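Please read the structure below before turning to the comments.
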Amino acid sequence: MSVKENIAIVTGASSGIGAEISRHFKNEDGLEIWLVARRVDRMESLASELKARGAAVRVLGLDLQQESSWAELEAQVKMSGRRVSWLVNNAGYGYSGRVEDEPLANLEGMIQLNVRSLASITRRLLPFMDRGSRIVNVASSIAFVPVAGHAVYAATKAFVLSFSLSLREELRPRGITVSAVCPGPVGTEFWDAAGVNAPPTFLVENASNTAFLAVEKSAQGKAIILTGALAWGARLIGALVPSTWLVRLTTSRINR
Ligand SMILES: NC(=O)c1ccc[n+]([C@@H]2O[C@H](COP(=O)([O-])OP(=O)(O)OC[C@H]3O[C@@H](n4cnc5c(N)ncnc54)[C@H](OP(=O)(O)O)[C@@H]3O)[C@@H](O)[C@H]2O)c1
């Protein structure tokens, strides 16, 4: 597929993994990179950095918890007349705590952003994709393991993983590749939003490396992209240990 007049859309591009993924698109690809998130100032500054390296960049300030934003993104793609060669569904957040203590706005917001927005945007943009297009959905290693204290977040990421794998098969005849990225803990602002301390540094992935693996492995056509040792561990444990046991193990701490 020629990449001229094509776009790479990255949601959640204002910080963390999304910003790093935007940095990993190669200028020579001739892509226009669309940065999508709420904090426009952050994205403008990233756009200046990318433009200084010769990239074509567009900033779209959209709150993806708003359903109107999903339609707005679709409309912007349609108006551009361009084709979508990369869709990186990365925007998301986690909240930590028992479900019964969780503010409803957080619980509903996670489902709205991590699940509904991701599925709707993907569906809306599929008509603008061609053979060779790639969809990269950022899930998490928590998708493999139910974790009490992160019940809603873990379930949203299990959705992302399952959705990605099924969609991948549906789109195989069209030559569109779908990958689910499953990082372990990554050093980003995620932990501030989650209201918990990040794990010790030696367990935390570098966001740039996570992003590099996401782009490179997706380009190689990988279905599930594990970006660190903890992610590999979670995948293995999730495959070997019954989920009813696993969840009891993770529950022991929260009910203490
Ligand atoms: N960090 C980790 O340990 C880790 C591990 C596994 C998976 N992940 C996943 O990786 C993805 C990126 O997270 P991160 O670690 O890079 O954290 P981050 O730095 O907090 O980035 C989250 C991004 O999502 C965007 N976002 C949040 N709410 C939004 C909304 N309503 N509308 C549009 N954009 C919104 C944020 O932009 P604005 O605030 O500007 O809108 C930001 O760009 C998430 O899906 C997360 O679940 C993270």
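Details
- Residue list for region 90-105, filter: more than 14 Å from the ligand (Cβ to nearest atom) and either assigned to a helix (DSSP H, G or I) or touching a strand residue (DSSP E or B) at 6+ places or on another chain (Cβ under 8 Å) (or both): V99, E100, D101, L104
- Taken over region 155-179, residues that are surrounded by fewer than 21 Cβ atoms within 10 Å (Cβ to Cβ) and either touching a His at 6+ places or on another chain (Cβ under 6 Å) or in a strand (DSSP E or B) (or both) amount to 1.
- In region 7-33, the residues that are more than 13 Å from the ligand (Cβ to nearest atom), touching a Lys or Arg at 6+ places or on another chain (Cβ under 7 Å) and not in a helix (DSSP H, G or I): I7, G30, E32
- The condition (being under 17 Å from the mean Cα position of the chain (by Cα), part of a helix (DSSP H, G or I) and either within 22 Å of A158 (Cβ to Cβ) or not acidic (D, E) (or both)) is satisfied by just one residue among L113, L87: L113.
- Among the residues of region 127-154, just one is out of contact with any Lys or Arg (no Cβ under 8 Å at 6 or more places or on another chain), part of a loop (DSSP other than H, G, I, E, B) and modelled with pLDDT of 95 or more, namely G132.
- Of the criteria (1) under 24 Å from V215 (Cβ atoms); (2) out of contact with any helix residue (DSSP H, G or I) (no Cβ under 9 Å at 6 or more places or on another chain), which one S68 fails: (1)
The values are calculated or read from the model by the stated rules, or taken from the named source; none is laboratory data. Please read these numbers as outputs of a predicted model, since none were measured by experiment. Glycine gets a Cβ as well: all are built from the backbone with ideal geometry, and neighbour counts include every protein chain shown.
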